[in-house]
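Right, one structure below, let's go through it.
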């Protein structure tokens, strides 16, 4: 199966697709490992969280992805944290202490919203190191690709944005039927929709049809976001 996973208040939510690309199931857990293990015969999972952090203040993948999304939707892509921030001794450090080191090393600080994701980012990167088949995606890039390269009009937190995204998923063959979503119906709808979009990009990646930021013909060691 091909899956998409998004972080949520309760932990993680996953939506998986069958070999034809149709939605086949959904799951959630406080543990990313449990989500990935519960997906039958997982081939690849697209996860909306930075994978492959650098000892640097920025990544080319984030810069190019924000540019592709434009000034409104591009704000949804936070700069990936430097690699040291997910080391064990830094995971529970105070925000001010982490940013003091970031300023010393890189001449910049990171938002509390970004730093609050340290534990989830560490979890994703541990899964990748342990051999789980994961790639980095970003749902807004996925929806832009579904929309013929045009960033969406409304925020996902609005009714217009929710309908816009559901319509694009359905046009792409991903129907989020109530019976398939029964295990995750207690979660926020935008998190489920984002997981489905991540699954769409992972499905494209599985047969070589996904777009990458930066382009895949550039430095292969550079972190990438797929759409």
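Throughout, read-outs are computed from the coordinates displayed, never taken from laboratory work. A quick note: this is a predicted structure, and the numbers were derived from the prediction, not measured. When we count neighbours, we look across all protein chains shown, and the Cβ atoms used for this are built from the backbone with ideal geometry, even at glycine.
Separation of region 130-150 from region 51-102 is 18 Å, based on Cα centroids. For 90, 12, the sequence from fewest to most other C-beta atoms within 10 Å is 90, 12. As a length-normalised measure over Cα pairs under 8 Å and 6 or more apart, the relative contact order of region 60-119 settles at 29 percent.
The label point for residue 55 and the one for residue 78, both projected 7 Å from the Cα toward the Cβ, are 2.4 nm apart. Is the shape of region 121-227 best called rounded, prolate or oblate, per the rule: a/c under 1.5 gives rounded, else a/b larger than b/c gives prolate, else oblate, with a ≥ b ≥ c the square roots of the Cα gyration tensor eigenvalues? Oblate. In the chain, the longest principal axis of the Cα atoms and the axis of helix 189-206 are about 90 degrees apart.
As a rough guide to protection, the peptides 38-46, 146-154 ranked by mean Cβ packing within 10 Å, highest first, stand as 38-46, 146-154. Against the chain, whose longest principal axis comes from its Cα atoms, helix 95-106 is set at around 70 degrees.
Of the DSSP beta bridges with both residues in the chain, give the percent that are antiparallel, rounding to the nearest 5. Let's see the in-between values first.
Details: 15 of 23 bridges.
In the chain, approximately 65 percent of DSSP beta bridges are antiparallel ones.
Relative to the longest principal axis of the Cα atoms of the chain, the long axis of helix 60-73 lies at roughly 60 degrees. Ranked by the mean number of other Cβ atoms within 10 Å of their residues, highest first, the peptides 3-10, 159-166 fall in the order 3-10, 159-166.
Going by how many other Cβ atoms sit within 10 Å of their own, how do 116, 179 line up, fewest first?
179, 116
Relative to the current alpha-carbon distance between residue 179 and residue 63, full extension at 0.36 nm per residue lengthens the span by 37.9 nm. Extension gain, residue 18-residue 112: 0.36 nm per intervening residue step, less the Cα-Cα distance, totals 30.1 nm. Label reach from residue 9 (point 7 Å along Cα→C-beta): in region 30-60, amide nitrogens under 18 Å belong to 30-31. Secondary-structure-derived ellipticity at 222 nm for the chain, considering helices only, amounts to -12000 deg cm²/dmol, per-run term -39500 (n - 2.57) for DSSP H runs with n ≥ 4.
Is region 57-141 best put as rounded, prolate or oblate by its Cα gyration tensor, with a ≥ b ≥ c the root eigenvalues, rounded for a/c under 1.5, and otherwise prolate when a/b is larger than b/c, oblate when not?
Details: a/c = 2.07, a/b = 1.15, b/c = 1.80.
Cα axes put region 57-141 in the oblate bin.
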